[in-house]
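Chemist: I have a structure here, written as structure tokens, and I will follow up with some questions on it.
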């Protein structure tokens, strides 16, 4: 099953030609490879091919730059998740599509996924919500709650159901980003989904 309607909505700033967006892309790559604390504004300026003054014209500090990057990535993820929610009606179809989406994103944009789900954001963005409380993940919780309310899956605490449904997928992505699991990830989507759905649906038909 393909993720219809979302394949072209992939955190579009990485495809932008604006110089500000090039700074964000450079920061993303450096934060992912070196870590936030080992990356300086000078490193970002040099990688982006802009002046230091240009960076400070758009961002007041390295933290401000990291926040802009983080929020823009979350906004893009929320757009994609909303497209999936609108394209499918049942939790079974939405959940399968989300797992396919996240595994495909981890393969095609590992730096983006590493910054969104792998980085310890609270260490350098202490005023931001934890990633699990961000808008995209709250949207996923809402999908799961709809599935519980409709009787599609067993009645358990929403966070437990969401962890059962998506926890294996995110753990696999973490292992992939750490170099423990070799690519490709996409062919594993069906097995990841089947195991998750059996656990949540209580042994029902995982092909639902």
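The values are calculated or read from the model by the stated rules, or taken from the named source; none is laboratory data. Source: prediction; values computed, not measured. So basically every Cβ, Gly included, is an ideal-geometry build from the backbone, and we count neighbours across all protein chains shown.
Chemist: Taking residue 138, is it under 13 Å from residue 91 (Cβ atoms) and in a helix (DSSP H, G or I)?
Modeler: No: the conditions fail for residue 138.
Chemist: Between a residue in the stretch 142-160 that is on the phi < 0 side of the Ramachandran plot and surrounded by 12 or more Cβ atoms within 10 Å (Cβ to Cβ) and any residue that is at pLDDT below 95 and not in a helix (DSSP H, G or I), which pairs come within a Cβ distance under 6 Å, given they are 6 or more apart or on different chains?
Modeler: Pairs found: 147/153; 148/155; 154/202.
Residues checked against (1) modelled with pLDDT of 95 or more; (2) more than 16 Å from the chain's Cα centre (by Cα):
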| site | (1), (2) |
| --- | --- |
| 114 | no, no |
| 124 | no, yes |
| 129 | no, no |
| 133 | no, no |
| 141 | yes, no |
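Chemist: Here is a follow-up. Determine which member of the set 169, 132 is free of Cβ contacts under 8 Å to residues at least 12 places away in the same chain, in a helix (DSSP H, G or I) and within 30 Å of residue 67 (Cα to Cα).
Modeler: Of 169, 132, the one residue that is free of Cβ contacts under 8 Å to residues at least 12 places away in the same chain, in a helix (DSSP H, G or I) and within 30 Å of residue 67 (Cα to Cα) is 132.
Yes/no matrix, rows are residues, columns are (1) in contact with a strand residue (DSSP E or B) (Cβ under 6 Å, 6 or more places away or on another chain); (2) surrounded by 18 or more Cβ atoms within 10 Å (Cβ to Cβ); (3) farther than 23 Å from residue 22 by Cβ:
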site: 84; (1), (2), (3): no, yes, yes
site: 113; (1), (2), (3): no, yes, no
site: 123; (1), (2), (3): no, no, yes
site: 127; (1), (2), (3): no, no, yes
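Chemist: Residue by residue through the stretch 39-56, note down the ones that are within 12 Å of residue 22 (Cα to Cα) and either assigned to a helix (DSSP H, G or I) or touching a residue at least 60 places away in the same chain (Cβ under 8 Å) (or both).
Modeler: Passing the criteria: 44, 45, 46, 47, 48, 54, 55.
Chemist: Is it true that residue 137 is touching a helix residue (DSSP H, G or I) at 6+ places or on another chain (Cβ under 9 Å), modelled with pLDDT of 90 or more and buried (at least 16 other Cβ atoms within 10 Å of the Cβ)?
Modeler: yes
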